[in-house]
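The block underneath contains the structure these notes are about, expressed in structure tokens.
The values are calculated or read from the model by the stated rules, or taken from the named source; none is laboratory data. Small disclaimer: the values here were computed from a predicted structure and weren't measured. Here Cβ is always computed from backbone atoms with ideal geometry, including for glycine, and neighbour counts include all displayed protein chains. Keep in mind that these areas ignore ligands, DNA and RNA; they rest on the heavy atoms of the full protein, side chains included. Shrake-Rupley method; radii C 1.70, N 1.55, O 1.52, S 1.80 Å.
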Amino acid sequence: MRKLLILLIPSFIFARILIQGAMPIEIDTLVNAMSDKKVVKIGSYIFYEGKIKGRDIVVSRTLIGLVNASAATTLGITYFKPDIIINQGTAGAIVEGLKLGDIVVGDRIYNANSYKTPKSLYTINPLAKEPMIAPLTLLDTNNEDLKNEYFTSDETLVNKFISLAPKGVLKVNIASADAFNKEILMLHLWNKTYNASVEEMESVAAAQVAKAFNVPFLAIRIVSDNLIEDIDYTPSIAIKLQELLIKIIDKF
């Protein structure tokens with residue numbers, strides 16, 4: 001009698017990966033590396049479906065900002081059914097020590113747009129702002145409020161990326177907001193409030209939607225500037241992170 005051999009293969013081996021970037025400079029290298037490429041546009045949002053090193057990949061240009069990232073992530077999940085979402089691109093460092101080209105992964109990801117203030121008739125006091133969790137609330141399986149102070153990257157995906165990437169990748173907190181901040185005191189405030197090391201404009205929205213749909217999520221950023229150390233904005237550094245992803249994606 002023949003024996004039936006059953007192989008237990010981790011689901012991530014055949015996972016479809018949705019890779020996001022907000023700007024052309026953050027996705028073009030990935031798109032150019034794709035084979036069997038098909039372009040899908042849904043509303044204002046463009047997706048590139050194809051393969052990189054034999055892996056099923058969807059590259060999404062989310063456009064800039066939290067609303068765009070939320071919409072593009074929702075469409076990406078419902079239309080392409082990814083098993084993993086990687087939100088990647090550039091970020092500004094807001095602490096000393098991070099240099100141009102340093103790569104970080106999001107540990108805790110905060111919505112720096114979400115805050116409340118005390119009543120005040122005649123003054124504006126940024127230091128009085130307190131984080132507000134109501135906009136970050138989702139529903140759990142029992143349709144009860146699931147309150148979130150922040151969102152996180154999937155621990156398995158974080159460990160996998162760090163094991164595959166060059167040494168020096170750091171786990172950091174990320175502050176996301178619809179703001180390109182050049183006010184040094186505001187950057188210090190975000191660091192103090194969220195213990196954040198970088199700031200950017202999309203990952204918290206993508207992370208929130210990914211959690212709502214129970215899709216494993218990973219936020220990866222490459223440092224494009226650090227105003228604390230007078231390092232000017234260099235968006236082309238985004239290419240370096242895409243080249244790394246292309247190199248390791250078949251092992252992910």
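Below are the figures for this structure:
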{"quantity": "Selection count, the range 16-49, where residues are assigned to a strand (DSSP E or B) and either open to solvent by 10 Å² or more (accessible area, probe 1.4 Å) or of a type in the set (A, V, I, L, M) (or both)", "calculated": "15"}
{"quantity": "Hey, N195 open to solvent by 20 Å² or more (accessible area, probe 1.4 Å), of a type in the set (S, T, N, Q) and without any contact (Cβ under 8 Å) to a residue 12 or more places away in the chain or not", "calculated": "no"}
{"quantity": "Filter pass, A210 being outside any strand (DSSP E or B), modelled with pLDDT of 95 or more and on the phi < 0 side of the Ramachandran plot", "calculated": "yes"}
{"quantity": "Residue list for the range 121-135, filter: within 16 Å of A205 (Cβ to Cβ) and either in contact with a Leu (Cβ under 6 Å, 6 or more places away or on another chain) or of a type in the set (G, A, S) (or both)", "calculated": "A134"}
{"quantity": "In the range 243-252, the residues that are over 23 Å from S197 (Cα atoms) and either at pLDDT 95 or above or surrounded by 14 or more Cβ atoms within 10 Å (Cβ to Cβ) (or both)", "calculated": "E243, I246, K247, I248, I249, F252"}
{"quantity": "Matching residues, the range 121-146, being of a type in the set (S, T, N, Q) and open to solvent by 60 Å² or more (accessible area, probe 1.4 Å)", "calculated": "T123, N125, T141, N142, N143"}
{"quantity": "Subset of the range 50-71 (residues that are over 26 Å from Y110 (Cβ atoms) and surrounded by fewer than 19 Cβ atoms within 10 Å (Cβ to Cβ))", "calculated": "G50, K51, K53, G54, R55, D56"}
{"quantity": "Count - residues of the range 216-234 that are part of a loop (DSSP other than H, G, I, E, B) and either among the basic types (K, R) or open to solvent by less than 10 Å² (accessible area, probe 1.4 Å) (or both)", "calculated": "0"}
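Per-residue answers, yes or no, for (1) buried (at least 16 other Cβ atoms within 10 Å of the Cβ); (2) touching a His at 6+ places or on another chain (Cβ under 9 Å); (3) in contact (Cβ under 8 Å) with a residue 60 or more places away in the chain:
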{"position": "I184", "(1), (2), (3)": "no, no, no"}
{"position": "W190", "(1), (2), (3)": "yes, no, yes"}
{"position": "N214", "(1), (2), (3)": "no, no, no"}
{"position": "S236", "(1), (2), (3)": "no, no, yes"}
{"position": "L241", "(1), (2), (3)": "yes, no, yes"}
